[in-house]
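*Asks:* Here's a structure for you.
No value in this document is a laboratory result; all are computed from the given coordinates. Note that the structure is predicted; figures quoted are calculated from it, not measured. Every residue, glycine among them, receives a Cβ derived from its backbone with ideal geometry; neighbour counts consider all protein chains shown.
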Amino acid sequence: MDFLIQEKGGKEISAKLLFSSCIKYLKEHFRKTIDERQIGVREDKIKWIITVPAIWNDSCKQFMRESATEAGIPGDQFTLVFEPEAASVCARFLQVEKTENEQQTIILKTFQPGTKILVVDAGGGTVDISAQEVLPDNCLNIIHKVRGGDYGGNSVNMAYRSMLVRLFSGPCIIAFKKNHPIDYMDMMRSFEGKKKTFKPSDTKVSSKIAATLLEISEDNCQSSFEDIASNSQYTGGVHVKRDKLFIDVNIFLEFFKHSVSKLVKDINEILQHERCQDVRAIMLVGGYADCELLFNAVKQAFPDKNVFVPHEGSLSVLTGAVIYGHIPKIVSSRVCNFTYGIALYVPFEPGMPQHKMFRYDGQLWCNDVFMISYKIDTVVNVGDTKRINVGKTFLTPEVQHLRKEPLTIPVYISDKENPKYVTDQGCIKHCVFKIPPVKGEWPEVLEGHIDFEIAGTEMIGTFVDEDTGDIITSVKIEFLPKTENNPSDDHRRRIYDPEMSHSDYDIQ
């Protein structure tokens, strides 16, 4: 699984090559540091943790695992951790909750068992929201399916860039970025700082503006910035003095409108759920959480909640990931984001779609039935598995060559609780289990099963041959890339495909 991404100059590079190279550099730098300090840690004793947004789908997580493998990290020494969960793990063990004693002295303590909190990991690209409950054994239960989206701090930067485009024109900004990339980065870095230092009492916000941008604009438009601004929708709201762009506070607040409204909406929807109505605290972590404007917006929207940013909140994910590596079972359950299942055919009954009916061995059958394994919004304990029974015969000469081929079992997901057919709206083919012959060749009559788990940070499958007892502890799972913009993609088709219909397995 790989794709091409563009750097700022428009050149393309393999995403897997880029990510694996970055991981490899960090790995080798860490090893060099250990060697220089003569700590004496063996390579096989190191557990590598990579944190990812909780809203990432399985294909993205598979991409990260493959990148880590190419970087030289063995699969059994590598773990993916969800970022908001890492932050809450940090909060569970460090003193972050403020209370007052009888003398009105503020006391910091860890969250007590029974406490329910929302962890908002507000990063540059995405925002992840995880609802969690602290258990008596110090573990955490995830009590709501993850919410969030791409409305992190970078969405504010994008709104600022949109204003620059409206002021200077698109071609002008493109030329500026291409010919003066350092000036562009310095200018955006200055704005990034203003996001964190802005105070509600401010009436104007000043941010650095590059002289090269003003020169390009004057050359292209043959007019000064003040003339350009006066003829734009920002008349009276922006002006330049020396190397500073002064922005009216109302315009500056508009940059945050999309991000803040989306965050408040998602938090509110989570709090409406029956399992989350007694949530008492909202913890903001991540780089974007340092923005006072964001903090105040959440606090104002939810005045009955204890909204806070822990000390060094931008490091909470990193610290929690280290703790998670030492206590990997600290998260004991999660909530299904989708309904999971496989496709079966079953005896045809009145009311079933006629176009799915077919005759086999003298009996009428209905194809493409969605056999549910896990239901959306249900709590699943980490380690719990569902069983897919696998049975197949290779008795006739024309199928003998298939005995050396892997068995493939598609898994489907749906955003509905009770889908009837894998071709229903909202159902997609999510991944494929690929099981190689245990001893190089399948027996003529195969009976076995797959135990698969979804409650961890990654889906896991284990195949057992019931006749021989042979076990494949790591079934290969090929996740299919998300292709919403290409609904005709064969990998994500929602129409009937006989090759996707299997009659050789069911779910217990």
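*Asks:* By how many nm would the segment from residue 418 to residue 280 grow when fully extended, if each residue of separation counts as 0.36 nm and the alpha-carbon distance is taken off?
*Replies:* Gain on extension, residue 418 to residue 280, equals 46.5 nm.
*Asks:* Can I ask one more? If you average the sequence gap of Cα pairs under 8 Å that are 6 or more apart and divide by the length of the chain, what percent do you get for the contact order?
*Replies:* 13 percent
*Asks:* Rounded, prolate or oblate: which fits region 153-255 when a ≥ b ≥ c are the square roots of the eigenvalues of the alpha-carbon gyration tensor, with rounded for a/c under 1.5 and prolate only if a/b beats b/c?
*Replies:* Because a/c hits 1.5 or more and a/b fails to exceed b/c, region 153-255 counts as oblate.
*Asks:* Using a/c under 1.5 as the rounded threshold, could you call region 230-273 rounded, prolate or oblate? The axes a ≥ b ≥ c are square roots of the C-alpha gyration tensor eigenvalues, and prolate needs a/b larger than b/c, oblate otherwise.
*Replies:* Prolate shape, in that a/c is at least 1.5 and a/b is the bigger ratio.
*Asks:* How would region 1-66 be classified by its alpha-carbon gyration tensor: rounded, prolate or oblate, with rounded meaning a/c under 1.5 and the a/b versus b/c comparison settling the rest?
*Replies:* oblate
*Asks:* With r as the distance between the Cβ atoms of residue 444 and residue 361 and R0 = 25 Å, compute the FRET efficiency 1/(1 + (r/R0)^6) and round to 0.05.
*Replies:* The pair residue 361/residue 444 has a calculated efficiency of 0.85.
*Asks:* Further question: Provide the per-residue ³J(HN,Hα) series for region 420-436, in order, calculated from phi with Karplus coefficients 6.51, -1.76, 1.60 and θ = phi - 60°, each as a whole number of Hz, with x at glycine and proline positions.
*Replies:* Per residue, the Karplus-derived 3J(HN,Hα) values read 8, 10, 6, 9, 5, 4, x, 9, 9, 6, 8, 7, 10, 6, 10, 10, x Hz.
*Asks:* Bin by bin, in steps of 10 Å, what percent of the Cα pairs in the chain do you find, going until the bin that has the longest distance?
*Replies:* All Cα pairs, binned at 10 Å, distribute as 3, 15, 22, 23, 18, 11, 5, 2, 0 percent.
*Asks:* Provide the packing ranking of 119-129, 180-190, i.e. peptides ordered by the mean count of other C-beta atoms within 10 Å per residue, highest first.
*Replies:* Averaged packing, sorted descending, gives the order 119-129, 180-190.
*Asks:* Still on this structure, I have one more. Set the Förster distance to 30 Å, then compute FRET efficiency between residue 322 and residue 18 from the Cβ-Cβ distance, nearest 0.05.
*Replies:* Efficiency, from the Cβ-Cβ distance: 0.75.
*Asks:* Right, here's the next one. Taking 7 Å along the Cα-to-C-beta vector as the label spot, tell me the residue 240-residue 354 distance in nanometres, rounded to one decimal.
*Replies:* So the label points at residue 240 and residue 354 sit 7.2 nm apart.
*Asks:* Let me spell out the model: positive unit charges on the Cβ of Lys and Arg, negative unit charges on the Cβ of Asp and Glu, origin at the Cα centre of the chain. What dipole size does that give, in debye rounded to 20?
*Replies:* 1360 debye
*Asks:* Residue 265 to residue 248: extension gain in nm, 0.36 nm per residue of separation minus the Cα-Cα distance?
*Replies:* Full-extension gain reported as 3.5 nm.
*Asks:* Quickly work out the residue 57-to-residue 314 label distance, labels modelled 7 Å from Cα along the C-beta direction, and quote it in nm with one decimal.
*Replies:* Spacing of the two 7 Å Cα→Cβ label points: 3.2 nm.
*Asks:* Moving to a separate point now. For a quick protection proxy, order the peptides 294-301, 70-77, 312-319 by their average other-Cβ count within 10 Å, most packed first.
*Replies:* The densest-packed peptide leads the list: 312-319, 294-301, 70-77.
*Asks:* Okay, next question. From the helices alone, meaning DSSP H stretches of at least four residues, give me the mean residue ellipticity at 222 nm for the chain, per-run term -39500 (n - 2.57), in deg cm²/dmol to the nearest 500.
*Replies:* That comes out to -9500 deg cm²/dmol.
*Asks:* Can you return the lysines within cross-link range of residue 178? Criterion is Cα-Cα under 18 Å, with same-chain partners fewer than 8 residues away left out.
*Replies:* 8, 11
*Asks:* Can you tell me how much longer the chain between residue 162 and residue 462 gets when fully stretched, taken as 0.36 nm per residue apart minus their C-alpha distance, in nm with one decimal?
*Replies:* Answer, rounded to one decimal: 103.0 nm.
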